[in-house]
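The values are calculated or read from the model by the stated rules, or taken from the named source; none is laboratory data. What you see is a predicted model; the values in this text were computed from it and never measured. Glycine also receives a Cβ, built like all others from the backbone with ideal geometry; neighbour counts cover every protein chain displayed. All accessible areas refer to the heavy atoms of the entire protein, side chains included, with ligands and DNA or RNA removed. Shrake-Rupley method; radii C 1.70, N 1.55, O 1.52, S 1.80 Å.
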Amino acid sequence: MLRPITVAAAAVALVAFLVVQVSGAAYTAITWDHLFNYPQKHAPGRGRPSRYCASCEKPCGAQPAERRSAFAKIVNGKDTRENEFGWAATLSRRGQFYCGGTLITKMHILTAAHCVENFNPKDLTVTIGEHDRKVETGRKSVHHVAKIYRHPDFKLSTFDNDIAIVELRDVVSIENPWVRVACLPKTAYSTYEGEKGTVIGWGRLGERKKSSNILQKVDVPIISNEDCKEMGYLPEKITSNMICAGYKEGMSDACQGDSGGPMHRHADSSDVLEVIGIVSWGKGCARENYPGVYTRVANYLEWIMDHTGNECICGAESS
């Protein structure tokens, strides 16, 4: 239990505890035993949004051939190559990294609602072009935050609707060859069951290990919500707004600090990656019978469109 402290300090401490990060050997999850007590809600609107870019400035979700990782199969997590994921973002509060995010337009970052809960935009910065957080390559750009749009139905007690959009004060230069925006799904009608999800982040490399300086990636199998409900979590904790991914034995997962970062899948078996999940919550890191839980991005396409101003969203051509 937390000792009595100021509201601001409590918020910082709580988010620091919640922040889920991809680990080199595991990926997110924290002990949320006190949270497992809520009714399931219906998913938000599931239509097909109309404001996708007719022609994106650069192909979204594409990894330059020379930047793709040499590791075709990941189990416990590997270092990514420099700028392999050109849309990866870090969120920092007063200069301290604490969450991940995804560049979805030149002005907007997709992240988890719990990463921005009760935070003042003036205290946050977003870094694009990050690879090794301890090395200055000249490719990083740091952006101040103008607005935060947290989903109105998000509740910290349940982690349902764990999605938010961070609007930047200035435009990210897409012209830089190492920067790309992410592809989002064009339809909500897929469970992704049986597919491979690729999670990235700078989070802890294990429950008792430090955060990674270099962006990590790990592949985890996506399981059905029905199967997830039969594992370690109480069935009512897994809602239709969530995706479960991980091995029954544990092995690989996200971990503290990866929160807000993306989970991808290959769009229709192509080389194009689309972001289908946001690192949200879990129990421990890579614990047996406790897969990672992600926000199901496809359930929020209309909401995303409504909170990205006049910017259009890129979707994979094949999705």
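Values for this structure:
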quantity: Surface/4 estimate of mean projected area, convex hull on alpha-carbon atoms of segment 183-298, nm²; calculated: 6.8
quantity: Residues whose placed amide H lies under 5 Å from that of Gly277, excluding near-sequence neighbours; calculated: Met263, Val297
quantity: Portion, in percent, of the accessible area of segment 183-298 that falls on carbon or sulfur, probe 1.4 Å; calculated: 47
quantity: Relative contact order (%) - segment 197-303, alpha-carbon pairs under 8 angstrom, separation at least six; calculated: 28
quantity: Cα shape, segment 118-209, gyration tensor, a/c 1.5 rule; calculated: rounded
quantity: Cα-based shape type of segment 105-155, given that a ≥ b ≥ c are square roots of the gyration tensor eigenvalues and the cut on a/c is 1.5; calculated: prolate
quantity: Average accessible area per residue (Å²) across segment 116-158 - probe 1.4 Å, nucleic acids and ligands excluded; calculated: 53
quantity: Entries in Lys209/Lys283; Lys196/Lys229; Lys78/Lys134; Lys78/Lys237; Lys58/Lys186 that, when Cα-Cα distance is taken, lie over 23 Å; calculated: Lys78/Lys237
quantity: 3J(HN,Hα) from dihedral phi, segment 121-128, Karplus parametrisation 6.51/-1.76/1.60, rounded to Hz, x for glycine, proline; calculated: x, 5, 8, 10, 9, 10, 10, 10
quantity: Relative contact order (percent, whole number), segment 104-251, Cα cutoff 8 Å, 6+ residue spacing; calculated: 21
quantity: Three principal axis lengths of segment 238-319 [C-alpha, angstrom, descending]; calculated: 43, 28, 23
quantity: Lys134 paired with Ser270, simple spin-label distance in nm, labels 7 Å along Cα-to-beta-carbon; calculated: 3.9
quantity: Antiparallel bridges, percent of DSSP beta bridges restricted to segment 183-298 (to nearest 5); calculated: 95
